[in-house]
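Everything on this sheet refers to the single structure shown next.
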Amino acid sequence: MIQKAIGFLVVFILFPVCMGLLWMPGMNRKKYRIDQIYLSGFLTELAVFQLIAVPVMILKAHGMEILVILTNVICGFLSAAGVGIALVCRKKEGAGLKAAATNLKGLGADLKAGFASLSWECWLFWLLAGAAVLFQMYMSFDRASFDGDDAYYVVQSVLADQTGVLNRIKPYTGLSTDLDIRHALATLPLWEAYVARMTGIHAAIVAHTLLPLILIPLTYLAYFEVGRKLFEEKNVKLPIFMVLVSIMQIWGNSSIYTNATFFLTRTWQGKSIMANLVLLVILWLLLEILDDKKRGYVALLVVSNIVAAMMTSMGAFLAAMFIGIAGLIAAVRQKKLSVLVKLALCCIPNVIYLLMLLVL
Amino acid sequence: MQEIFSVFQKYCGSGIYPVLFLIALVYLLVTEKDRKIRIVLVETSLVIAVLFFFPPFKKLMDYLDEGTYYRILWLLPMTVVIAYAGVKLFGKHHRIGFAVLALVLLLSGEYVYKSQHITKAQNRYKIPNVVVAICNEMMPSEEEERVWAVFPEELIYFVRQYTTEIQMPYGREMLEQQWEWNWDTHPIYKIMREDTIDIDALAPLLMEYNVQYLVLNRNVPIVGDPAENGLEKTAVIEAYDVYRNTAVEIFKKAVD
């Protein structure tokens, strides 16, 4: 139980929150937002894992132990750096270390003040939006969704956790095999094995029960960020938008191919995270980047592209295509080639990844 | 082109959300003034939609990853565009607007939890309890090597999600008919998938593939005597009989 609690605290709270602080000076100097800190920190944690896991997996067949150690060391270092950078930046602005330390405390007060200023109608719609998310989380916990792909992806996680071998055993049978690079470069199953190692929870439980409880609210956090760019924050339109989005997710099972179907029936699979969380985050970041020139959002777009590559073999291509089209249109509309160049540079990880996919 | 329309139709299924998305897109194209929203939500979506219906683009995608063309449609932010256009359209009449749009979405959508693939979870693994019980029955001890077992096809998907201590001579690759290169090729599966299982034909194959355990569904008739073929029944778990194939020993782990 203690391992579960500590592992959960480290992987899902400490690392994301502290690493999220890395980007805050480049995103919102004056007022840190806990929602942006957590979302960007979580993505950073995944991207760091992808960058470590690919070389470890290629170089070392029995690499799970070293993968866990390296991930913890580097995430630990980046977490400390995140806290350090946030403190230093606040100090530079003359706020002083003490003020910097109380910055996070101030978030609570901001939230309280924000809630107090909401109209009753706004409250009602926010309650409805919250209830819809809680309902989806409850159903993900209480129901089991059968998907044949789990016999591959979840077993890869179980194998990495139980045997320490990285992608060299056939999931279906247990026979040894060569590295299947097309599937292996998308390392999400290994990250799920890492969560299993850190928490001591069986990898199938991590995938089927634990992760949906994290990924569902996290995806709605990304919707919230998109909504904030579309509407004023205290406007009733924002919670209405959130409720409508929830309805379309819950009632979006018109075929087995839709984003919504993947979101609520295969929440733990890379394809689902790509189709929902990652593409939404990219949408949010594009809205931010085209709005102003804060570098933190550009950096986070690079991080999101690495995460896209982690999710599915075509993730890097889909993300690059989306960003490329938006960049091209923005360059034409704004008559500024620099926008396209900036967004194209963000896609360098995607190009490297696609080359690896084609060459290896 | 026909093929692309077929992919689109399959993606849409019984729903009208893609139609609502197209309507919302046209509405935003006419009314949206904010440049960043126009670029990211409207014009990017339009270009992606046009590209999707462009046959050479499909050829390129098929070259990169055949059979996943529908994923291009994931790039269309349907939920965001529909909800945003709806809220924008309501204007000040957001209460009645919300009620109408919510009703349209509810009535025209398909409730995901009604899916035949979603059932009440039996445990936190989200694996049928019977699989967990059968696996525990044949789980090797710490000093023993992994074991090989043959399962009825309805259990195959779950076994190795629970434990990798149990290996199988064939797995999911044998069950997916669209994977023609694998499907129906394993000699043990060819016997196991029959309406009546021939134990006399199966037993020599279990020995040849070093299989220590056999699980049979009690509702599937068998011919031949398991005991005469060296199969010793060790457990009955719900609708399944678990047999130990005494002809193949369970190996001890080598001492370092």
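Every read-out reported here was derived from the displayed coordinates using simple, explicitly stated rules and does not represent laboratory data. Note that the coordinates shown come from a computational prediction; the quantities given were computed from them, not determined experimentally. Reconstructed Cβ throughout: ideal geometry from the backbone, glycine too, with neighbour counts over all protein chains shown.
Just to be sure I understand the curve: with the Debye formula and one point per C-alpha of the stretch A:270-360, what is log10 I(q)/I(0) at q = 0.19 Å⁻¹?
Taking Cα atoms of the stretch A:270-360 as identical point scatterers yields -0.80.
Just need the relative contact order of chain B here, percent rounded to a whole number, with Cα pairs under 8 Å and 6+ apart. All intermediate terms of the calculation are to be shown ahead of the outcome.
Details: 282 pairs, mean separation 34.6, N = 256.
Answer for chain B is 14 percent.
Cα gyration tensor of the protein assembly as shown, axes a ≥ b ≥ c as square roots of the eigenvalues: rounded (a/c below 1.5), prolate (a/b > b/c) or oblate? Intermediate results must be reported in sequence, preceding the final value.
Numbers: a/c = 1.94, a/b = 1.61, b/c = 1.21.
Taking the square roots of the gyration eigenvalues as a ≥ b ≥ c, the protein assembly as shown is prolate.
Given only helices, namely DSSP H runs of n ≥ 4 each adding -39500 (n - 2.57), what is the per-residue ellipticity at 222 nm of chain B, to the nearest 500 deg cm²/dmol? The partial results should precede the final answer.
Values: 10 runs with 109 residues, N = 256.
It lands at -13000 deg cm²/dmol.
Please compute the Kirkwood hydrodynamic radius of chain B from all pairs of different C-alpha atoms, in Å with one decimal.
Details: mean 1/r = 0.0432 Å⁻¹.
After inverting the mean inverse Cα-Cα distance, the result is 23.2 Å.
In what order do A:Thr312, B:Thr163 fall by count of nearby beta-carbon atoms within 10 Å, going from fewest to most?
With the sparsest Cβ surroundings first, the list reads B:Thr163, A:Thr312.
Which shape class, rounded, prolate or oblate, goes with the stretch B:129-245 when its Cα gyration tensor gives a ≥ b ≥ c as root eigenvalues, a/c under 1.5 marks rounded, and past that a/b bigger than b/c marks prolate? Don't skip to the answer; put the middle values down first.
On the way: a/c = 1.40, a/b = 1.08, b/c = 1.30.
Rounded, because the longest to shortest axis ratio a/c is under 1.5.
Cut-off under 19 Å on the C-alpha distance; same-chain residues fewer than 8 positions from B:Lys59 excluded. Which aspartates and glutamates are left, in chain and number order?
Partners found: B:Glu3.
Treat the count of other C-beta atoms within 10 Å as a stand-in for reagent exposure and order B:Trp179, A:Trp126, A:Trp268 from fewest to most.
Details: B:Trp179 12, A:Trp126 18, A:Trp268 27.
In order of increasing Cβ crowding within 10 Å: B:Trp179, A:Trp126, A:Trp268.
Once you've got the Cα coordinates, tell me which of A:Lys342/B:Lys36; A:Lys229/B:Lys10; A:Lys91/A:Lys294; A:Lys170/B:Lys252; A:Lys4/B:Lys126; A:Lys170/B:Lys253 are over 26 Å apart. Write down the numbers at each step before the final one.
Numbers: A:Lys342/B:Lys36 16 Å; A:Lys229/B:Lys10 33 Å; A:Lys91/A:Lys294 20 Å; A:Lys170/B:Lys252 23 Å; A:Lys4/B:Lys126 19 Å; A:Lys170/B:Lys253 21 Å.
The answer is A:Lys229/B:Lys10.
Could you grab the relative contact order for the stretch B:129-245? Cα pairs under 8 Å, six or more apart, rounded to a whole percent. Each step should come with its number before you reach the end.
Numbers: 174 pairs, mean separation 28.4, N = 117.
The value is 24 percent.
Over what distance in Å are the Cα centres of the stretch A:24-93 and the stretch B:94-134 separated?
A separation of 34 Å, based on Cα centres.
Can you compute the charge dipole magnitude of the stretch B:129-245 about its Cα centre, using +1 on each Lys and Arg Cβ and -1 on each Asp and Glu Cβ, nothing else charged? Give it in debye, rounded to the nearest 20. Each step should come with its number before you reach the end.
Working: 8 positive and 22 negative charges, 34 e Å.
Once rounded to the nearest 20, the dipole reads 160 debye.
By count of other Cβ within 10 Å, fewest leading, how are A:Met24, B:Met1 ordered?
B:Met1, A:Met24
Which value in deg cm²/dmol, rounded to the nearest 500, describes the helix-derived mean residue ellipticity at 222 nm for chain A, given -39,500 (n - 2.57) per DSSP H run of n ≥ 4 and division by the residue count?
Values: 20 runs with 262 residues, N = 360.
Calculated from helices alone, the mean residue ellipticity at 222 nm is -23000 deg cm²/dmol.
Could you grab the relative contact order for chain A? Cα pairs under 8 Å, six or more apart, rounded to a whole percent. Mind dumping the intermediate values first?
Numbers: 478 pairs, mean separation 70.8, N = 360.
Computed value for chain A: 20 percent relative contact order.
For chain A, rounded, prolate or oblate, judged on the Cα gyration tensor with a ≥ b ≥ c (square roots of eigenvalues), a/c < 1.5 rounded, else prolate if a/b > b/c? Can you show the working numbers first?
Values: a/c = 1.39, a/b = 1.32, b/c = 1.05.
Because its axes are fairly even, with a/c under 1.5, chain A counts as rounded.
Take B:Val220, project a point 7 Å from its Cα along the Cβ direction, then tell me which residues of the stretch B:230-256 have their backbone nitrogen under 15 Å from it.
B:239-243
Let me know the Rg and Dmax you get for the stretch B:2-114 when you use only its Cα atoms, in Å.
Looking at the stretch B:2-114, its Cα Rg and Dmax stand at 15.7, 49 Å.
GluC sites (Glu not before Pro) within the stretch B:9-90: which are DSSP loop residues with at most 16 other Cβ atoms inside 10 Å?
Details: sites: B:Glu32, B:Glu43, B:Glu66; in loops: B:Glu32, B:Glu66.
Within the stretch B:9-90, the qualifying GluC sites (Glu not before Pro) (loop, at most 16 other Cβ atoms within 10 Å) are B:Glu66.
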